[in-house]
1. Divide, for the chain, the radius of gyration over alpha carbons by 2.2 N^0.38 Å, where N is the residue count.
2. Can you give the convex hull volume of the alpha carbon atoms of the range 26-175 per residue, in Å³?
3. Dipole magnitude of the range 258-387 about its Cα centre, charges +1 at Lys/Arg Cβ and -1 at Asp/Glu Cβ only, in debye to the nearest 20?
4. Suppose each label sits 7 Å from its Cα in the direction of the beta carbon; what would the Glu325-Ser348 distance come out to in nanometres?
5. Grab the Cα-Cα distance for Trp378 and Arg335, subtract it from 0.36 nm times how many residues apart they are, and report the gain in nm with one decimal.
6. Taking 0.36 nm per intervening residue step and subtracting the Cα-Cα distance, what contour gain separates Ala266 from Trp287 on full extension?
7. Pick out, from Pro131, Gly154, Ala186, the residue whose Cα sits farthest towards the positive end of the charge dipole of the range 92-194, with +1 on the Cβ of Lys and Arg and -1 on the Cβ of Asp and Glu.
8. Starting from the exponent 0.38 and prefactor 2.2 Å, build the expected Rg for the range 93-180 from its residue count and divide its actual Cα Rg by it.
Amino acid sequence: MNQAPRPPHADSARPRPGPLDGLRVLDLATLFAGPLAATMLGDFGADVIKVEHPRRPDPSRGHGPAKDGVGLWWKLLGRNKRNVTLDLSTPGGHDVLLRLAARSDVVIENFRPGTLEKWDLGWDRLSAANPRLVLARVTGFGQFGPYARRPGFGTLAEAMTGFAAITGEPDGPPTLPPFGLADSIAALATSYAVMAALRGRESTGRGQVVDMSIIEPMLIALGPQPLWYDQLGYVQPRMGNRSANNAPRNTYRTADGAWLAVSTSAQSVAERVLRLVGRPEFIDEPWFASGAGRAAHADELDEAVGGWIARHGRDEVVAAFEQAEAAVATVNDIRGVMEDEQFRALGSVTEVEDEELGTVRMQNVLFRLSETPGAIKWAGRAHGRDTDAVLAELGLDEREIATLREGGAL
């Protein structure tokens, strides 16, 4: 049987224009949701201009491990962006920002509510400079409400929305993720919101404001919990790796010390797993016919599945599950991710040439498009690298740029 053609993934030499070519985005944001949303737009062709303070670079440049003094997180977060320095609180920086906004389609910022207004760069001024502009405002708690002016980070969203309360072992404390989960979800939501606002502009001819809080995308990612509580008074407890909705569902250790994850969300898969591990008698139990019923008997099912897996090596277990068309995956650390044959087939991690570090490997663009694929043109660049070139595009000559620099605006 002929296979369907595989849509191209991104590479460093996109053969065709990206779907967002011609779109200009000003990234004024820091840490991490706003900048990551801008990265996603840049991956598909938008001209993203990253605006950083001349003397206080984006803090992500210093987050996490560095090589030869070069922050590695920034290489991902800053890819496909042209970097300029601009002090928005100075008259010169204020004027340049308005000139950039007049030639842009989107501004993404994550200052505390009122900060842009304090600099006389609020929506009234930006929209007067460019009535078709979309202003995406990404904050911890949104632009209004009792928490609006509090400092807001993804950790707080993970706590407030109920994620931490349901994560961890039943007898342990609430558990926070060791990475920027809420920020990443908010970045996805922000890029979607920007595209929705741009589509709206096609109908109205006008730009608009996107008010994106980090807490709300995180809340919707947690599923029907508000509905469960509203209709049943049900509060989901911490269950470790188990699920209240199906079983067996857990991580299990193999005879050779590997860890595997098993999921049986579908009834047919649950039946295949129990047949595979030699315990088909469970299938005839009345409680086995529903996910909730199986979850109520998770101890018995875990003993059956976990006991069988513990007697076999990882490769043997994975092969047996594949043969049975049951769902299993290796619990990878990053070493396993980099070697995983599925990620390799998809091109999920790609090589990018970098001005400072040579070749670096990082996640590829988020999805594949068959006609207008995205691309990574470069990894995150040095602080202020493109300032003079971008200002020259605005018509500023060398003397004017030097004056702005002497005045502290650049």
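No lab work stands behind these numbers, since they all come straight from the coordinates. In this text the structure is predicted, and so the values were computed from the model without any measurement. Quick reminder, even Gly has a Cβ in these numbers, built from the backbone with ideal geometry, and neighbours come from all protein chains shown.
1. Compactness ratio reported: 1.16.
2. In the range 26-175, the Cα hull volume divided by residue count equals 145 Å³.
3. Around 220 debye, computed over the range 258-387.
4. Roughly 2.4 nm, to one decimal.
5. Going from the current span to full extension adds 13.1 nm.
6. Full extension from Ala266 to Trp287 adds 6.1 nm.
7. Ranked along the dipole, the leading option is Pro131.
8. 1.48
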